[in-house]
Amino acid sequence: MVILNRGCQGNLLKAAFFAIVLAVTERRQASAHASQFSLHRGVPQRKGPYTATFSLSSSRDDLLVHVVTEPSLPDPEGCERGLAAFGSALTRSGPSVTARLKDGVAALHGQFQRENRGRAADQRVGASVLCVALRGQEVYLAQGGGMMGYLFHKDEWRVLGEESAFLGLTEPPPLRFYRHRLEEGDILLLSFSLLGRRVPLDHMTDVLGGEPQEVVERLYRLGHEEGEFAALVVWWGPATKDTVPTEVVVVPSPLSKATLSLRFFLLAVAVLLAATLVWSLAQLVPGYVVAEREARFQSLLGQARGLKAQALAASDDKVGQAKLQEASDLLQQALTLKQRDPAAVNLAGDLEKELQRIRRVVPLASPRKIVELPVGAQITQIANYGGQIYLLDRGRLYQAPSGGGTPAEASLSSGQSIGQVMLMPAGGLQKEGRLLVWDQERGLWTYDKGRGFQPLVIRGAEEWASFGAAVGYRGNLYVLDAKGRRVWRYIPTDVSYDSERQGLVAAPESALDMAVDGNVYLLTGDGQVIKFSGEVRQDFPQRGLDKPLSYPTRLFASADTKYLYVLDGGNRRVVVFTKEGEFRAQFPLSLLPAALLVDEKGGTLYFAIANALYVAPLPREALAGG
């Protein structure tokens, strides 16, 4: 039977698109519906590789679990295996929805970990994951990695999730869970991270619309140019002709032949007129739609160009950055209308270059691997002393030439594990610099390649409430005791530290790392850098930084460095500040290092990822010109 819907063009678009939509769930007249799709090399996939749906039954009711996973490097086959592991874990898990999602994500994480064994560090693949369990109107969402969920509720979009480390590369990041009761008009969207990069939150409604089918269609167009993309859209409401087509059966009533003939005649005339009207609209409407889209596209393109000109003329970088960002947002809307327009594509490239210039984004040139520890090792600290580089791997200490080479393990004679390694510069009674190591019992040792390990006395170490970091400055020893809310300072006695400790400054319990150059700098888990000059706290405003530090992990500065360096885990970058707290530059990273060391005099940046040590030239010109 033929069903006439609203508009010939709308029907053709929907029929063509929904051939690739994999799943529409209908249980009752008002129920949860889900549409999901994967694109591999721009081609819609009927199964996987980035999405999967699992149906589970329990004594309570049925449960549908939808999963979307995005790899850090292209690996569709690895994603399929990860999703299979996710599904297997669901069948073995307990009845709790949260427990099932946790077990599924843990299995996906484990699958990627196993496949990464034996791969070079720059070839290891991690994954972001979004999974949603549907139980009636109740939605349970778990999020980990760089993909975000989005919820359209009460006529506005909001983000569900926070960026964290990839699964499969480090210990599993803490999953974030959300629960929501769907109402009619709500839309839950799970998508590759491309969506967050291309569409600002305050433009989501403009770009995606506010109706479920509209959102799915526009997401498909957005992802098609990317090649690799996946998305899932969930909503609550009655089934519609767009989602579940239904046949219309006409039952004739008993009429006289004359009446029936007249009605057939009138019906034939009506059909002919309708066909003529539809044909005319089919000729006129597409042209009107194309003209309207072209006018909208040119308007957005012109606005973006004007904002770019204003940005370049602005004397204040902050104003210029705001103008460029606004231009970029408008251009992304334009590109959803004409994705391959050369003028728009070129302008997008120009805007990105200008944004990177103002944000002082400086890619590291040609990082290279110089030391590789055994498979399974995890470098957590780096020290450079006496022409040797020292690497700490969870209790083991390795040394290799500073320029790279084969590492050799150095072990304590007591057989104890090593907890930290640090450089103690010369100063005071310490006539020479030396390398110090701490064992797991807070015992202090000095190490020399020729003489090996020699024990040192450290007074009152057992009285510290915690031992977070240890730093040397001019022979003095500084210890971060975050739980005790103190930084302790020890003055050397001859060759040891058998002296009364001094509570130098108050430290917050959230302090993660420390650097000392005469001043004391503390890095906290919420992204603050706290600076003390003597016992007086100084301002460290991080002025000029485009976005705040998120999940920072390491801080590096010394008396030999002009700048202070922070490993910013949430944004995967190294951020450089002056020691007065002015932002100077940022170095983006594809993977987050676990340790960092900077040799400004030698112009070298060392960083460790998993079991390998890398070096890259330090961009001195970018720092000097900031």
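Once region 521-537 is narrowed to residues that are among the charged types (D, E, K, R) and not in a loop (DSSP other than H, G, I, E, B), the residue that is surrounded by the fewest Cβ atoms within 10 Å (Cβ to Cβ) is Arg537.
Among the numbered conditions (1) surrounded by fewer than 19 Cβ atoms within 10 Å (Cβ to Cβ); (2) touching a strand residue (DSSP E or B) at 6+ places or on another chain (Cβ under 7 Å); (3) of a type in the set (Val, Ile, Thr), the only one that Val375 does not meet is (2).
Applying the criterion of being part of a loop (DSSP other than H, G, I, E, B) and in contact with a helix residue (DSSP H, G or I) (Cβ under 8 Å, 6 or more places away or on another chain) to the residues of region 601-611, the residue that is nearest to Ala624 (Cα to Cα) is Gly603.
Filtering region 313-342 to residues that are surrounded by fewer than 13 Cβ atoms within 10 Å (Cβ to Cβ), more than 25 Å from the chain's Cα centre (by Cα) and part of a helix (DSSP H, G or I) leaves Ala313, Pro342.
Checking each residue in region 117-146 for being modelled with pLDDT of 85 or more and hydrophobic (A, V, I, L, M, F, W, C) picks out Val125, Ala127, Val129, Leu130, Cys131, Val132, Ala133, Leu134, Val139, Leu141, Ala142. With respect to the conditions (1) surrounded by fewer than 19 Cβ atoms within 10 Å (Cβ to Cβ); (2) over 30 Å from Arg198 (Cα atoms), Leu391 falls short on a single one, namely (1). Count of region 158-174 residues, restricted to those that are open to solvent by less than 20 Å² (accessible area, probe 1.4 Å), without any contact (Cβ under 8 Å) to a residue 60 or more places away in the chain and in a strand (DSSP E or B), is 1.
In the set (1) farther than 20 Å from Thr53 by Cα; (2) assigned to a helix (DSSP H, G or I), the condition left unmet by Arg119 is number (2).
For every residue, the table says whether it meets (1) outside any loop (DSSP other than H, G, I, E, B); (2) at pLDDT 85 or above.
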{"site": "Glu26", "(1), (2)": "no, no"}
{"site": "Ser35", "(1), (2)": "yes, no"}
{"site": "Gly48", "(1), (2)": "no, no"}
{"site": "Leu63", "(1), (2)": "yes, no"}
{"site": "Leu73", "(1), (2)": "no, yes"}
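For residues that are touching a Ser or Thr at 6+ places or on another chain (Cβ under 7 Å) and either open to solvent by 40 Å² or more (accessible area, probe 1.4 Å) or among the β-branched types (Val, Ile, Thr) (or both), tally how many sit in region 483-518. Residues meeting the conditions: 5. Among the residues in region 538-558, are any modelled with pLDDT under 95, assigned to a strand (DSSP E or B) and surrounded by 21 or more Cβ atoms within 10 Å (Cβ to Cβ)? Yes, region 538-558 contains a residue that is modelled with pLDDT under 95, assigned to a strand (DSSP E or B) and surrounded by 21 or more Cβ atoms within 10 Å (Cβ to Cβ). Assess whether Ser510 counts as being within 25 Å of Ala165 (Cβ to Cβ), hydroxyl-bearing (Ser, Thr, Tyr) and touching an Asp or Glu at 6+ places or on another chain (Cβ under 9 Å). Considered against the rule, which asks whether it is within 25 Å of Ala165 (Cβ to Cβ), hydroxyl-bearing (Ser, Thr, Tyr) and touching an Asp or Glu at 6+ places or on another chain (Cβ under 9 Å), Ser510 comes out as yes. Residues in region 401-419 that are open to solvent by less than 20 Å² (accessible area, probe 1.4 Å) and either of a type in the set (S, T, N, Q) or without any contact (Cβ under 8 Å) to a residue 40 or more places away in the chain (or both): 1 in all. Checked against (1) of a type outside the set (Lys, Arg); (2) more than 25 Å from Tyr551 (Cβ to Cβ); (3) exposed (fewer than 15 other Cβ atoms within 10 Å of the Cβ), Ala52 passes all but condition (3). Filtered by the rule that a residue be surrounded by 14 or more Cβ atoms within 10 Å (Cβ to Cβ), of a type in the set (Lys, Arg) and not in a strand (DSSP E or B), region 430-448 gives a lone residue, Arg442. So which residues in region 106-127 are open to solvent by less than 10 Å² (accessible area, probe 1.4 Å) and of a type in the set (A, V, I, L, M)? Residues satisfying the conditions are Leu108, Ala121, Val125, Ala127.
Take Val125 and decide whether it is under 23 Å from Leu201 (Cβ atoms) and in contact (Cβ under 8 Å) with a residue 40 or more places away in the chain. No; evaluated as a whole, the condition is false for this residue. Residue pairs whose Cβ atoms lie under 7 Å apart, sitting 6 or more positions apart in sequence or on different chains, and linking a residue in region 327-346 that is in contact (Cβ under 8 Å) with a residue 24 or more places away in the chain and over 17 Å from Leu195 (Cα atoms) to a partner that is open to solvent by 20 Å² or more (accessible area, probe 1.4 Å) and not in a helix (DSSP H, G or I), are Ala344/Lys338. Just one residue in the set Lys318, Lys338, Lys323 is basic (Lys, Arg), modelled with pLDDT under 85, touching a helix residue (DSSP H, G or I) at 6+ places or on another chain (Cβ under 7 Å) and within 30 Å of Asp546 (Cβ to Cβ); that residue is Lys338. Checked against (1) under 25 Å from Tyr551 (Cα atoms); (2) open to solvent by less than 10 Å² (accessible area, probe 1.4 Å), Gly78 passes all but a single condition, namely (1). The listed residues are Ala470, Ala465, Ala515, and the only one of them that is in a loop (DSSP other than H, G, I, E, B), aliphatic (A, V, I, L, M) and within 39 Å of the chain's Cα centre (by Cα) turns out to be Ala465.
Of all residues in region 75-104, those that are aliphatic (A, V, I, L, M), out of contact with any Leu (no Cβ under 6 Å at 6 or more places or on another chain) and either part of a loop (DSSP other than H, G, I, E, B) or under 20 Å from Phe166 (Cα atoms) (or both) total 4. If only residues of region 468-481 that are farther than 17 Å from Pro425 by Cβ and modelled with pLDDT of 95 or more are counted, the one that is surrounded by the most Cβ atoms within 10 Å (Cβ to Cβ) is Leu480.
Select from region 499-523 the residues that are polar (S, T, N, Q) and at pLDDT below 95 and write down the one among them that is nearest to Val487 (Cα to Cα). Can you show your working first?
Quick first cut of region 499-523, residues polar (S, T, N, Q) only: 499, 502, 510, 519.
Applying the additional criterion that residues be at pLDDT below 95 yields 499, 502, 510.
Numbers: Ser499: 15, Gln502: 8, Ser510: 13 Å.
Among those that are polar (S, T, N, Q) and at pLDDT below 95, it is Gln502.
The values are calculated or read from the model by the stated rules, or taken from the named source; none is laboratory data. Bear in mind the structure is a predicted one, so any value in this text is a computation, not a measurement. Heads up, the Cβs are rebuilt from the backbone with ideal geometry, glycines too, and the neighbour counts pull from every protein chain shown. The protein model used for the area step is the full one, side chains on, heavy atoms only, and it has no ligands, DNA or RNA in it. Shrake-Rupley method; radii C 1.70, N 1.55, O 1.52, S 1.80 Å.
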